[in-house]
């Protein structure tokens, strides 16, 4: 009887771990290919299409640089940002 209870407990814990992993991966994928606003610790911000999340880097396409008190500047090519410089990422609806 104890073996059955122990086996069920192990199965419940394993299912919880798998559920958490799937939930975490799904949440990370939700922002990819979406229009986002990335605020940096320097006070600058970028808006653009979040194309990829590669390790510690975010890749934005069709990006614009936003600085306080200035007009938005279209950036040529892709923008690669290090997550250490990112304060937050906001999905733009």
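The values are calculated or read from the model by the stated rules, or taken from the named source; none is laboratory data. Keep in mind that what you see is a predicted model, and the values were worked out from it rather than measured. Every residue, glycine as well, gets a Cβ built from its backbone with ideal geometry; the counts of neighbours run over all protein chains shown.
Brief remarks on what is shown
- Residue list for region 29-56, restricted to those being farther than 17 Å from residue 91 by Cα and within 18 Å of the chain's Cα centre (by Cα): 41, 54, 55, 56
- Residue count, region 3-32 (criterion: exposed (fewer than 14 other Cβ atoms within 10 Å of the Cβ) and at pLDDT below 85): 11
- Of the strands (runs of 3 or more DSSP E) lying entirely inside region 1-83, those containing at least 1 residues that are free of Cβ contacts under 8 Å to residues at least 24 places away in the same chain span 45-54, 57-66, 79-82.
- Residue within region 45-56 that is touching a helix residue (DSSP H, G or I) at 6+ places or on another chain (Cβ under 8 Å) and modelled with pLDDT under 95 present: yes
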